[in-house]
1. Could you grab me the full set of residues in segment 83-112 that are over 16 Å from SER36 (Cβ atoms) and either aliphatic (A, V, I, L, M) or over 22 Å from the mean Cα position of the chain (by Cα) (or both)?
2. Taking segment 130-187 as the search range and keeping residues that are assigned to a helix (DSSP H, G or I) and of a type in the set (Ser, Thr, Tyr), which one is nearest to LYS116 (Cα to Cα)?
3. For segment 72-118, how many residues are in contact with a helix residue (DSSP H, G or I) (Cβ under 8 Å, 6 or more places away or on another chain), within 16 Å of the ligand (Cβ to nearest atom) and part of a helix (DSSP H, G or I)?
4. Filter segment 211-232 for residues that are near the ligand (Cβ under 9 Å from one of its atoms) and either hydrophobic (A, V, I, L, M, F, W, C) or farther than 22 Å from LYS116 by Cβ (or both) and give the result.
5. What is the number of the single condition among (1) touching a Leu at 6+ places or on another chain (Cβ under 7 Å); (2) over 17 Å from ALA30 (Cβ atoms) that ILE49 does not meet?
6. Out of ARG127, ARG219, ARG194, which single residue is assigned to a helix (DSSP H, G or I) and at pLDDT below 95?
7. Which residue is nearest to LEU182 (Cα to Cα), if the candidates are limited to segment 39-62 and must be part of a loop (DSSP other than H, G, I, E, B) and hydroxyl-bearing (Ser, Thr, Tyr)?
8. Between a first residue in segment 194-218 that is closer than 18 Å to LYS161 by Cα and a second residue that is of a type in the set (A, V, I, L, M), which pairs have beta carbons less than 6 Å apart while being 6 or more apart in sequence or on different chains?
Amino acid sequence: MNKRNYSKELENKISEFQKENEHPGLLLHACCAPCSSYCLEYLREYFDITVFFYNPNITSEGEYSKRVIEEKRLIAEYNRQVEEKDFAGMNSDDKARKINIIEGDYNPKDFYEVTKGMEDLKEGGERCRKCFELRLKETAKVAKEKGFDYFTTTLTISPLKNAEVLNEVGEEAAREAGCLFLPSDFKKKNGYKRSIELSHMFDLYRQDFCGCSYSKAQREREKLKCSLQADS
Ligand code: SF4
């Protein structure tokens, strides 16, 4: 079977909306401001976007607060550009639309419950699939309840995350909730590179680990190994 090109599928969908002059309502699950930066820049011309910040996987309240504050600051900056028609240095033009945000519940116990027994797995394995399922099922539920036309996630921008798994999980969550999932692979078309440029441009807080306590510990071990190698 041919491998699906999720980035192309999204482009095709957008072309259909443009032909009909439609701007569907999109609930965009966001994990952090750096990953959102490119996704929002790309999508805000074509959709009425509401960001859904739902990440019970994040290791501590302090880390959670930093990430949610930066997400809100980024959205405020994009909305200021729309109000003031100030797009200097940006890809989007004045067709860009304003963005809303909904903050989900932060209950880390929900994350620890679904990933129980998978504490020692490396990033990218079955624990991550469970983590995606938790976050995307909740996003699908909210999209259905609030009547959004589509939902999707910024998570496909990460080169460390498998876009095929994420799209599979998103489509499954959509089927269960009875709503529509928008396919994506935001790292394509230089999306990841652009997210780094935008993070510098807006001086965003960029964490060096994915989010959960296990990914933080893994990152610490890798840093220690590098420093020991450098000293030897
Ligand atoms: S490494 Fe990232 S995706 Fe995987 S379980 Fe931890 S927070 Fe979730």
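1. GLU83, GLU84, LYS85, ASP86, PHE87, ALA88, GLY89, ASP93, ASP94, LYS95, listed by residue number.
2. THR139
3. Qualifying residue count for the region: 3.
4. CYS212
5. (2)
6. Only one candidate passes the filter, namely ARG219.
7. Checking each candidate, the answer is TYR46.
8. Qualifying pairs under 6 Å: SER195/ILE157; GLY211/ILE58.
The values are calculated or read from the model by the stated rules, or taken from the named source; none is laboratory data. All values derive from a computational prediction rather than experimental measurement. Every residue, glycine as well, gets a Cβ built from its backbone with ideal geometry; the counts of neighbours run over all protein chains shown.
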